[in-house]
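Structure record follows, encoded as structure tokens.
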Amino acid sequence: MFEPLDAITRASYRTFASLPGGTLIDDGEIFAVMNEVPLPFFNGVATTRMRDGARIAEVHEWYRARRRGFRWWVTPDSTPAGLDSLLEAHGFRHAYDSLGMTADLAKLKAVKPSELQIKRVRDLEEMTVWADILTSVFKLTDADRQAWLDAFEALGFGDESKWAHFTGYLFNQPVGIATVMTDGDIAGIYDVATVPAARGRGAGSTLTLHALQLARDLGARHAALQSSEMGESVYRSIGFVPGPTLRLYDWRPQ
């Protein structure tokens, strides 16, 4: 796994351990986080370095006993071999595969000028606009929307927070969002989304580049993200290069 991909996932999970009820496992075999946020995005296993699959049931029970849905990432260097098959045997669902991509922030490429006006989210009211776009694009429930708002409000909107969110506007209408998490010399891009009516106008690349420029100003030198098939060309256009394919498994309580 590309080092920035592994590092940024661990860094983001460390921030999730600060959420209400947060607990982190980091024992050399498992790196995982659990908290009270009822969303798999904020709960899960980032890296696995086990000799065999004996601990899968133990980790599963840790989340199951608290009725907490969670993710389990499988990367090319996860061990044991065949981890994906072992997870499926324990009742995990293969959610999707995504392409890991990384960028050297000193080599970001300019994008064509855009009419997009970008505003950083600074309070809960502005975050609700961001969340409205997330909900619309990804077809979230009202309960999921509220959970996203609660989690990011807890992580903070000020300069002291590792997380920064941006909303893009066309003709005063919010049309796109992006989020960046910066930790030392690495940054991660999340939740890039554009409403259908505004696609094809450079909103995604402009928002991503704007978020990365903040990370670079804060001292980051490398960035990582997980791309959908549709987003790969957008990220390539601003300097990201493809890496390994990451497999995501999840479990949710009935």
Could you count how many residues in the stretch 73-83 are in contact (Cβ under 8 Å) with a residue 60 or more places away in the chain and assigned to a strand (DSSP E or B)?
-> 2
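Matching residues to (1) in contact (Cβ under 8 Å) with a residue 40 or more places away in the chain; (2) of a type in the set (Val, Ile, Thr):
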| site | (1), (2) |
| --- | --- |
| ILE8 | yes, yes |
| GLY53 | no, no |
| ARG68 | yes, no |
| SER85 | no, no |
| ALA106 | yes, no |
| LYS109 | yes, no |
Looking at (1) in contact with a Pro (Cβ under 9 Å, 6 or more places away or on another chain); (2) within 24 Å of LEU212 (Cβ to Cβ), find the lone condition where ARG120 falls short.
-> (1)
Give the residue, chosen from ASP26, ASP6, that is closer than 30 Å to VAL241 by Cα, at pLDDT 95 or above and charged (D, E, K, R).
-> ASP26
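Just to verify a result, which residue in the stretch 179-197, among those that are of a type outside the set (Asp, Glu) and in a loop (DSSP other than H, G, I, E, B), is farthest from ILE8 (Cα to Cα)?
Restricting to residues being of a type outside the set (Asp, Glu) and in a loop (DSSP other than H, G, I, E, B), the top hit is VAL195.
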If the Cβ limit is 7 Å and pairs must be 6+ apart or interchain, which residue in the stretch 152-178 that is outside any loop (DSSP other than H, G, I, E, B) pairs with which residue that is acidic (Asp, Glu) and at pLDDT below 95?
-> LEU170/GLU115
Only residues in the stretch 121-139 that are farther than 16 Å from VAL175 by Cβ count as the first member; pair them with residues that are modelled with pLDDT of 95 or more and exposed (fewer than 15 other Cβ atoms within 10 Å of the Cβ), Cβ under 6 angstrom, at least 6 apart or cross-chain, and list the lot.
-> LEU124/GLU153
Examine the stretch 225-236 for a residue that is more than 28 Å from THR75 (Cβ to Cβ), at pLDDT below 95 and buried (at least 18 other Cβ atoms within 10 Å of the Cβ), and state whether such a residue exists.
-> no
If you check LEU149, LEU134, LEU87, which single one turns out to be surrounded by 15 or more Cβ atoms within 10 Å (Cβ to Cβ), under 27 Å from GLU229 (Cβ atoms), not assigned by TED's automatic domain parsing to the domain that holds ARG51 and not acidic (Asp, Glu)?
-> LEU134
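The values are calculated or read from the model by the stated rules, or taken from the named source; none is laboratory data. Here the structure is a predicted model, which means the values were calculated and not measured. For neighbour counting, all protein chains shown are included, and Cβ atoms are generated from backbone atoms with ideal geometry for every residue, glycine included.
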